[in-house]
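Undergrad: This is the structure I have questions about; it appears just below.
Just so you know, all these numbers are worked out from the coordinates, no wet-lab data involved. What you are looking at is a predicted structure, and each value in this text was computed from that prediction instead of being measured. No Cβ is skipped: glycine too gets one built from the backbone with ideal geometry, and neighbour counts run over all protein chains shown.
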Number of protein chains: 2
Amino acid sequence: MHPILTVGSVAFDSIKTPFGEASRVVGGAATYFSIAASFFTDVRLVAVVGDDFTEEQTQVFSGRRIDLTGLQRVPGETFRWKGEYSFDFNTRDTIYTHLNVFDQFRPVLPESYRPTPFVFLANIHPTLQSEVLDQVHEPRFVAADTMNFWIEGTPDELRKVLGRVDALVINDEEARELSGEANLVKAARAIQRMGPELLIIKRGEYGVLMTRDRGFFAAPAMPLEEVSDPTGAGDTFAGGFMGYLASAGEMTDTVVTRAIIAGSALASFAVEDFGLERLLRLTPDELQDRLAEFKRLTHFEAL
Amino acid sequence: MHPILTVGSVAFDSIKTPFGEASRVVGGAATYFSIAASFFTDVRLVAVVGDDFTEEQTQVFSGRRIDLTGLQRVPGETFRWKGEYSFDFNTRDTIYTHLNVFDQFRPVLPESYRPTPFVFLANIHPTLQSEVLDQVHEPRFVAADTMNFWIEGTPDELRKVLGRVDALVINDEEARELSGEANLVKAARAIQRMGPELLIIKRGEYGVLMTRDRGFFAAPAMPLEEVSDPTGAGDTFAGGFMGYLASAGEMTDTVVTRAIIAGSALASFAVEDFGLERLLRLTPDELQDRLAEFKRLTHFEAL
């Protein structure tokens, strides 16, 4: 079992869906990632919050295998984001993004974090992603996320990061934009040529597609009767995926495909309630049951 | 092994995609269905063509296990349809639909067809679907397709058919419209209450979702580097699914999930070339290889 280091946002989210609202709840990519990954291994968090982030709010991390030594607390307000989902959850409008203390954030790794073998660079400025990698001693496996904003706005900086990562975890729209290919197979091969040997394409309610030596591995999302809030599902997936990989410690086909299912299972819980709520009350037994459900969802006997 | 009876359109299709055009090629739901199903079992076709449908065009059915006794040939023009796909194949505009001889079509089953145990009612007027069922002697398993046009235009007639079928094979948009539910799990349960015990939801490039006693079975579509023409993919899927079921002759969970994969594999070939071209040159060995690829695409070891 190996620890994971992650860098990304810890934020206050305000969320509006067809079924309800949540205001100023703890969120952020690194938060979802850390809580998900901590079901499988030790997590070292690198992020920044303002002095409005209280001790009570820090409780979301407590009682878990999450090291907060790298969580900077600085004067000012914490990163804030507000999003609103359409009636069928298929589109999301960002109402506002206030970077606040994140605007001046420079990741500084505590000395104890430097030898971490597994690294996840959540969706932040690619230059910050590079700065984190510069500080890690010979990481064994590095994965990153990104978004259209960086693909369009900082393509050169992003390309530099891509040349240094083993895996990229992005959604289908981002894969198409990054590669300039509408066809996902061609998009995947084009992105692999940019650096990441492993590409994982998140397709929301349709699940995940992962590249392999030959062909792909595809995992559906669990069909759910109640979807309350998709916020953080992608980061939760990444956390489960990387957490499982780091806990297994080897990168065989068996381990990597299982890691995809581990991420999918955690993501399927994340959307069942607002914000972090469902993940915070998730038990290992519930997780184990859902992993079995995924097997049942997809298994057939060879023809 | 049991034979299958199908009723639906045999047509001339004109197709425009971002990568090419095909004009007045043989198509139609019952055509794709029959050719796909004939890879697994004997098919009995019920349809109508005009006197412009030549002997040469009938060759698409020849050399296959397809009985054309029920293919009526009447004076007039064959059903014609023209469709155009968007750059990413995600939308399709119908340029025209000329029913022609299909407008006055009344399905009449040859006596030899009446005892067919497996029946597939392709997407035609629900009253015609009912008329076919009236003529089959105690069918063992009946599946049907439909579309938004009938869901909106002839809801009462459609409900009568739904009360008589074992399985409904529709796409996700149709499932949402038929049920009035945006959530697919709720949509599926609502449609099951209308009659069909089994609901199969086609999701195009994302694959297929099938209801089960508890939960669902999900099969991804095969990621393909070249998609030439999605026309007929859904009917090809239905043909492979029903053909496999009828050839197995029992309805266990193992058989039904394998049938979903058989349909998915055939559909993955159908889209690789224009119209029927790829299916017409498909060999049993190629099909067997792709069935194995599907296992590899989805298999993981239980966690």
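Undergrad: Return the sequence-ordered ³J(HN,Hα) values of the range B:251-267 in whole Hz as given by the Karplus equation 6.51 cos²θ - 1.76 cosθ + 1.60 applied to θ = phi - 60°, using x for Gly and Pro.
TA: 10, 6, 4, 4, 5, 5, 5, 4, 4, 4, 5, 4, x, 5, 5, 4, 4
Undergrad: What chymotrypsin sites (Phe, Trp or Tyr not before Pro) in the range A:1-96 are in a loop by DSSP, with at most 16 other Cβ atoms within 10 Å of the Cβ? It would help to have the intermediate numbers written out before the result.
TA: Working: sites: A:PHE12, A:PHE19, A:TYR32, A:PHE33, A:PHE39, A:PHE40, A:PHE53, A:PHE61, A:PHE79, A:TRP81, A:TYR85, A:PHE87, A:PHE89, A:TYR96; in loops: A:PHE19, A:PHE39, A:PHE40, A:PHE53, A:PHE79, A:PHE87, A:PHE89.
Answer by residue number: A:PHE19, A:PHE87.
Undergrad: Same structure again: For the pair B:MET1 and A:HIS299, what calculated FRET efficiency results from E = 1/(1 + (r/R0)^6), where r is the Cβ-Cβ distance and R0 = 22 Å, to the nearest 0.05? Present the calculation step by step, with values, prior to reporting the outcome.
TA: On the way: r = 25 Å, r/R0 = 1.15.
After rounding to 0.05, the efficiency reads 0.30.
Undergrad: Once you have the Cα-Cα distance between B:ALA292 and B:GLU250, take 0.36 nm times their residue separation minus that, and quote the gain in nm to one decimal.
TA: Working: separation 42, 0.36 × 42 = 15.12 nm, distance 2.21 nm.
Extra length from B:ALA292 to B:GLU250 when fully extended: 12.9 nm.
Undergrad: If you don't mind, another one. Taking the Cα centre of the protein assembly as shown as origin, work out the dipole magnitude from +1 charges on Lys and Arg Cβ and -1 charges on Asp and Glu Cβ, in debye rounded to 20.
TA: That gives the protein assembly as shown a dipole magnitude of about 780 debye.
Undergrad: Rounded to the nearest 5, what is the percent of antiparallel bridges among the DSSP beta bridges in the protein assembly as shown?
TA: 40
Undergrad: Related question: Please report Rg (one decimal) and Dmax (integer) in Å for the Cα set of the protein assembly as shown.
TA: 26.4, 86
Undergrad: Then there's this: Could you quickly flag the chain B residue whose beta carbon comes closest to the rotation axis taking B to A, and that distance in whole angstrom?
TA: B:TYR206, 2
Undergrad: Right, something else. Kindly give the semi-axes, whole Å and largest first, of the ellipsoid equivalent to the range B:110-189, taking each as the square root of 5 times a Cα gyration tensor eigenvalue.
TA: 25, 13, 9
Undergrad: In whole Hz, what ³J(HN,Hα) sequence does the range A:172-177 give by Karplus (6.51, -1.76, 1.60; θ = phi - 60°), x for Gly and Pro?
TA: Karplus values, whole Hz, x for Gly and Pro: 5, 5, 5, 4, 5, 5.
Undergrad: Taking a point 7 Å out from Cα toward Cβ as the label site, list the nm distances between B:LYS186 and the same residue in every other copy, smallest first.
TA: Here B:LYS186 shows inter-copy label distances of 3.9 nm.
Undergrad: I want to check the label-to-label distance for A:GLU173 and A:ASP134. Put each point 7 Å from Cα in the C-beta direction and report it in nm to one decimal.
TA: Once both label points are built, they end up 3.2 nm from each other.
Undergrad: Can you list residues from other chains, or at least 5 along the same chain, whose modelled amide H is less than 5 Å from the amide H of B:LEU71?
TA: Answer set, sorted by chain and number: B:ALA47.
Undergrad: I want the local charge near B:SER179. Using Cβ-Cβ distances under 14 Å, sum +1 for each Lys or Arg and -1 for each Asp or Glu among the other residues.
TA: Details: positive: B:ARG159, B:ARG176, B:LYS186, B:ARG189, B:ARG193; negative: A:ASP88, A:GLU225, B:GLU152, B:ASP172, B:GLU173, B:GLU174, B:GLU177, B:GLU181.
So the surrounding residues net to -3.
Undergrad: For the range A:195-204, take each phi angle, set θ = phi - 60°, evaluate the Karplus expression 6.51 cos²θ - 1.76 cosθ + 1.60, and give the result in whole Hz per residue in order, putting x for glycine and proline.
TA: After applying 6.51 cos²θ - 1.76 cosθ + 1.60, I find x, x, 5, 10, 10, 10, 9, 8, 10, x Hz.
Undergrad: Students often get this wrong, so check it: of A:LYS160/A:LYS295; B:LYS160/B:LYS186; A:LYS186/B:LYS82; A:LYS186/A:LYS295; B:LYS82/B:LYS186; A:LYS186/B:LYS202, which have C-alpha atoms separated by over 26 Å?
TA: A:LYS160/A:LYS295; A:LYS186/B:LYS82; A:LYS186/A:LYS295; B:LYS82/B:LYS186
Undergrad: Suppose the Debye formula is applied to equal point scatterers at every Cα of the range B:1-68; what is log10 I(q)/I(0) at q = 0.11, 0.17, 0.19, 0.27 Å⁻¹?
TA: -0.28, -0.62, -0.75, -1.21
Undergrad: Return the loop-located trypsin sites (Lys or Arg not before Pro) in the range A:123-217 (DSSP other than H, G, I, E, B) with at most 12 other Cβ atoms within 10 Å of their own Cβ; answer none if there are none.
TA: In loop regions of the range A:123-217 (DSSP not H, G, I, E or B), the sparsely surrounded trypsin sites (Lys or Arg not before Pro) are A:ARG193, A:ARG214.
Undergrad: Can you give me the Cα centroid spacing of the range B:148-181 and the range B:49-90 in angstrom?
TA: The two parts, judged by their Cα centres, are 25 Å apart.
Undergrad: Using DSSP to call loops (not H, G, I, E or B), can you name the trypsin sites (Lys or Arg not before Pro) in the range B:249-303 whose Cβ has at most 15 other Cβ atoms within 10 angstrom?
TA: Here the sparse-neighbourhood loop sites are B:ARG281.
Undergrad: Another question, if that's okay. Write down the percent of antiparallel bridges among all DSSP beta bridges whose residues are both part of chain B, to the nearest 5.
TA: DSSP beta bridges in chain B are roughly 40 percent antiparallel.
Undergrad: Residues with beta-carbon under 15 Å from that of A:LEU198, excluding A:LEU198: net charge, scoring Lys, Arg +1 and Asp, Glu -1?
TA: Local charge sum for A:LEU198: +2.
Undergrad: Separation between the A:HIS98 and B:SER86 pseudo-spin-labels, each 7 Å from Cα along Cα→Cβ, expressed in nm?
TA: For the pair A:HIS98/B:SER86, the computed spacing is 3.6 nm.
Undergrad: Hey, what's the Cα Rg ratio for the range A:157-224 versus the globular rule of thumb, 2.2 N^0.38 Å?
TA: After normalising by residue count via 2.2 N^0.38 Å, the value is 1.08.
Undergrad: Let's test the formula: R0 of 45 Å, r as the Cβ-Cβ distance of B:ASP285 and A:GLU56. What FRET efficiency results, to the nearest 0.05?
TA: 0.10
Undergrad: Also, I was wondering about something else. Pick out, from A:SER228, A:ALA29, A:ALA187, the residue whose Cα sits farthest towards the positive end of the charge dipole of chain A, with +1 on the Cβ of Lys and Arg and -1 on the Cβ of Asp and Glu.
TA: Towards the positive end, the residue furthest out is A:ALA187.
Undergrad: Which values of log₁₀ I(q)/I(0), to two decimal places, follow from the Debye formula for the range B:217-303 at q = 0.13, 0.15, 0.16, 0.21 Å⁻¹ with a uniform point scatterer at every Cα?
TA: Taken in order of the listed q values, log10 I(q)/I(0) reads -0.41, -0.54, -0.61, -1.01.
Undergrad: Grab every C-alpha pair in the range B:4-298, bin the distances at 10 angstrom width from 0 up to the longest one, and report whole percents.
TA: With 10 Å bins starting at 0, P(r) equals 6, 30, 39, 22, 2, 0.
Undergrad: May I ask you to report, in nm to one decimal and beginning with the shortest, the distances from B:ASP52 to the same position in the other copies, taking label points 7 Å along Cα-to-Cβ?
TA: Label-point separations across copies, in nm and ascending: 6.9.
Undergrad: Ok, one more. Evaluate E = 1/(1 + (r/R0)^6) for A:GLU152 and A:GLU197, where r is the Cβ-Cβ distance and R0 equals 35 Å; express this FRET efficiency to the nearest 0.05.
TA: Result of the calculation: an efficiency of 0.90.
Undergrad: If we hang a label 7 Å off Cα along the beta carbon direction at B:ARG212, how far is it from the matching labels on the other copies, in nm, shortest first?
TA: Spelled out, the distances from B:ARG212's label point are 2.0 nm.
Undergrad: Using the Kirkwood formula over every pair of different C-alpha atoms, what hydrodynamic radius in Å results for the range B:39-183?
TA: That comes to 17.0 Å for the range B:39-183.
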